[in-house]
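Heads up: the structure comes next, in structure tokens.
The values are calculated or read from the model by the stated rules, or taken from the named source; none is laboratory data. The shown structure was predicted, so the numbers you read here are calculated from the model rather than taken from an experiment. All Cβ positions, even for glycine, are placed from backbone atoms using ideal geometry, and neighbour counts span all protein chains on display. Just so you know, the surface numbers come from the protein's heavy atoms only, side chains and all, with ligands and any DNA or RNA stripped out. Shrake-Rupley method; radii C 1.70, N 1.55, O 1.52, S 1.80 Å.
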Protein chains: 4
Amino acid sequence: MDSLRRLEELFAHFPGIGPRQARRFVYYLLGKSPASIKELTELIADVRASSVECTRCHRFFVSKNKGISACSICTDQSRDQASLMIVARDSDFESVEKSGAYRGLYFILGGTVPILDKEPERRIRLMELSSRLGEAGSPVAEIILSLNTTPDGENTAEIVRERVQSLKPGMKLTVLGRGLSTGAELEYVDSDTIRNALENRH
Amino acid sequence: MDSLRRLEELFAHFPGIGPRQARRFVYYLLGKSPASIKELTELIADVRASSVECTRCHRFFVSKNKGISACSICTDQSRDQASLMIVARDSDFESVEKSGAYRGLYFILGGTVPILDKEPERRIRLMELSSRLGEAGSPVAEIILSLNTTPDGENTAEIVRERVQSLKPGMKLTVLGRGLSTGAELEYVDSDTIRNALENRH
Amino acid sequence: MDSLRRLEELFAHFPGIGPRQARRFVYYLLGKSPASIKELTELIADVRASSVECTRCHRFFVSKNKGISACSICTDQSRDQASLMIVARDSDFESVEKSGAYRGLYFILGGTVPILDKEPERRIRLMELSSRLGEAGSPVAEIILSLNTTPDGENTAEIVRERVQSLKPGMKLTVLGRGLSTGAELEYVDSDTIRNALENRH
Amino acid sequence: MDSLRRLEELFAHFPGIGPRQARRFVYYLLGKSPASIKELTELIADVRASSVECTRCHRFFVSKNKGISACSICTDQSRDQASLMIVARDSDFESVEKSGAYRGLYFILGGTVPILDKEPERRIRLMELSSRLGEAGSPVAEIILSLNTTPDGENTAEIVRERVQSLKPGMKLTVLGRGLSTGAELEYVDSDTIRNALENRH
């Protein structure tokens, strides 16, 4: 395969990108100045090289200082050390953090476990979660499972719930509330959501 | 205006129908047999003539027996007489009823009140609600406000809440739970819904 | 089936209407005043009763005068009597007429013929077309086939073409030009349309 | 600005990419292996470094041989040297070439000229077009303008048409046919396209 087709192929693996748009990316780059290309490739290499996986929450962050191993949130003492929210991916973390509604700590699973998958350890960071929960003198008092309400998300929640309960029996374990989203019109809401909204009325 | 244009105009007022589709309806009817037209017009007249507004919940239902004034749900003693769900429209009632999650009674407001509207009584059945709640010996122990989580819906909820509280101080008054709908992906959920889901975690 | 369900069923046969919207139509009508219902049903009956199928072009039009048998276009001597455009449906006629680009006469087939259908006479007005083309002293000098460029439309065009050629050998028979539509972006145009646009370049 | 935000910014300039997807690209890359990152950045640099702008048609192509200055189509003697199709962008060229309907040569303008733009030379390769058409002994007998049928495309076509006519008076100059695209339904076709389809009937 020539390098042009191979580059198209790599772009086609970017999230949300199909073969057609991948090809447009290549043409876009062919028309850029050498200086722009240099900036782009150096930034990609640089960002990746200076990215660090936080040893506590396992999200990726960029640090010039190679000695740093925990992210700005995990080391922020003003955040609530008693709350640990478990999310599937960095993008879920971003979404919750952007809401401004949560002031505790996070743990990133790194993915979800499809239903019937036999080896969840290969999909999500269960061992790392054990280590995190096993930290001596941990002040964590509540674990919040924040996973998609999709079949994969609910399967993953079940697996994590079992693991937490065997590691920390008695630990308070919550899930995000189910119900009407903002802007919902009752006429178009699915029966399952109506049932949840009714159970969680207050 | 000729009768053809006038009929188009009437169809264009049907819910969700624009001028183009209204015109297609007219052409569709022009091509139907006289027998089909007769069936349609008779059914429309018949259904409307035999439709009754339930004196308790105010939803429309069809009854051949003019003596009947309350609908099959309001007269069903196996339903939970202690729960009264307030919805805006018949279509919202249909949506909740289809979910199978609710076994109590309903009250149909007949609409919503736009923000800043000065005369809510002209928009929704506040007087009829007063009568319903004022029934002697009413077993209603909980009122569930099931309104859209849109600005109009929330404004309406506020107006109904005030009315209920002045009529029945101390009555248990709940709203549908807010949070993640079924199938929600955290990455795409709005901040307001994340905040609600977090507050309503359990 | 009760009359309410039957009315829903009839509305669900209206063009572009599904069961959900059909039900909304019924609820919409239940809430209308008796006077509105009377106007609607009388208009439907009236429009259908006074609709006439033009004996020449076979489109439906409304006329209070039962003696009239040809529509305002077929009897308009200022229109080009030498051009006859064949379309599938009244709605196609409306679309062409709205463009203001055509000043000749029309013939409405009344439908299209699906591929492999064995009895095109039952689907479209082939016999009526024979009568129309066989009018003594007909000034028609060009027949324009204006059918959808879909498989059914092209199949229908082929059937009509054969019929016209056997009835009127040597008659000028044209089809609408194929090519780029207004607003087309070359990057997203399908290969078949590019081929046609290239063949029809001018 | 830190390098992570800057990389997001660069991705947000990729065709069709907004800030949200740009951020997802960065997270995607943070999770890739160092070897994958190396392959990607080397390919980008490599493809750009070995990309050549064809001296005749001005499209970009990849060549390991720096001595080559004309692309495989411009040097393919089996293609029709008498036809020159002018397109706006490489992606338009790709679309036409994919159709398999054209066997002549191309010229890429490099963009379009917005209406009222005063300096078309800065937007499109008018000087290069002059050189191409001025080649001694050029066998070009027909120039095909293949531009979007959008306002910008039509403005650009007008500018190119004037230039060609002043450079090569009498040269055959065609545009792609206008009319119904494949799959068009007459009922939904705009009036302008119906007018064109009618004018270009055949």
Looking at D:Leu116, D:Leu126, D:Ser72, which one has the Cα that reaches farthest to the positive end of the dipole of the stretch D:23-180 (charges on Cβ: Lys, Arg +1; Asp, Glu -1)? D:Ser72
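How big is the charge dipole of chain A about its Cα centre, in debye rounded to the nearest 20, if each Lys and Arg gets +1 on its Cβ and each Asp and Glu gets -1 on its Cβ?
540
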By the gyration tensor of its Cα atoms, with a ≥ b ≥ c the square roots of the eigenvalues, what is the shape of the stretch B:1-54: rounded for a/c under 1.5, prolate for a/b over b/c, or oblate? oblate
I'd like the distance separating the alpha-carbon centroids of the stretch D:27-82 and the stretch B:1-47, in whole Å. 61
Return the sequence-ordered ³J(HN,Hα) values of the stretch D:40-53 in whole Hz as given by the Karplus equation 6.51 cos²θ - 1.76 cosθ + 1.60 applied to θ = phi - 60°, using x for Gly and Pro. 5, 5, 5, 5, 4, 5, 5, 4, 5, 5, 9, 7, 10, 8
When a/c reaches 1.5 or more, the comparison of a/b and b/c decides; with that in mind, is the protein assembly as shown rounded, prolate or oblate per its Cα gyration tensor? oblate
Counting heavy atoms of the protein chains only and a 1.4 Å probe, report the per residue accessible area for the stretch B:43-202 as a whole number of Å². 44
Calculated [θ] (222 nm, deg cm²/dmol) that DSSP helices of n ≥ 4 give over chain D, each run adding -39,500 (n - 2.57): -12500 deg cm²/dmol
Total accessible area lost when D and C pair, probe 1.4 Å, Å² to nearest 100: 3900
Percent relative contact order of the stretch C:13-108, based on C-alpha pairs within less than 8 angstrom and at least six residues apart? 21
Which of A:Leu186, A:Leu133, A:Leu109 moves most in a GNM of chain A, Cα contacts under 10 Å? A:Leu186
Between the stretch B:128-149 and the stretch C:91-160, the alpha-carbon center distance in angstrom: 62
In Å, what Rg and Dmax follow from the Cα atoms of the stretch B:1-100? 18.2, 54
Of all DSSP beta bridges in the stretch D:7-148, antiparallel share, percent nearest 5: 25
Top mean-square fluctuation among B:Arg59, B:Arg178, B:Arg123, Gaussian network model of chain B, C-alpha springs under 10 Å? B:Arg178
Efficiency of FRET from Cβ geometry, A:Lys66 and D:Ala136, R₀ 51 Å, rounded to 0.05: 0.20
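If N is the number of residues in the stretch B:111-202, what value comes out of its Cα radius of gyration divided by 2.2 N^0.38 Å?
Relative to the rule-of-thumb radius for its length, the stretch B:111-202 sits at 1.30.
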If contacts are Cα pairs under 8 angstrom and at least 6 residues apart, what is the relative contact order of the stretch B:103-202 in percent? 24
Which one, A:Leu147, A:Pro19, A:Ser63, is farthest towards the positive end of the dipole of chain A when Lys and Arg carry +1 and Asp and Glu -1 on their Cβ? A:Ser63
Leaving ligands, DNA and RNA out of it, report the carbon-plus-sulfur percent of the accessible area of the stretch C:2-140 at a 1.4 Å probe. 52
If you place +1 on the Cβ of every Lys and Arg, -1 on the Cβ of every Asp and Glu, and leave all else neutral, what size is the dipole of the stretch B:82-202 about its Cα centre, to the nearest 20 Debye? 440
at B:Arg5 the sorted inter-copy label distances (label 7 Å from Cα on Cβ side), in nanometres, are 4.2, 6.0, 6.3
Using only atoms on other chains, find how many Cβ atoms lie within 10 Å of each Cβ of peptide D:91-102 and report the average. 6
For each pair in B:Lys64/C:Lys32; B:Lys38/C:Lys98; A:Lys118/D:Lys38; A:Lys38/D:Lys118, compute the distance between the two Cα atoms and list the pairs where it is over 23 Å. B:Lys38/C:Lys98; A:Lys118/D:Lys38; A:Lys38/D:Lys118
Dimensionless Rg ratio for the stretch D:95-159, taking C-alpha atoms and the 2.2 N^0.38 Å reference: 1.22
Quick check of the Kirkwood formula: for chain A, what is the inverse mean of 1/r over all pairs of different Cα atoms, in Å? 20.0
Could you check which residue among C:Thr156, C:Thr75, C:Thr182 shows the biggest mean-square fluctuation in a GNM of chain C with a 10 Å Cα cutoff? C:Thr182
In degrees, nearest ten, helix D:90-99 long axis to first principal axis of chain D (Cα): 60
Rounding to the nearest 20 debye, state how big the charge dipole of the stretch A:1-52 is about its Cα centre with +1 on each Lys and Arg Cβ and -1 on each Asp and Glu Cβ. 200
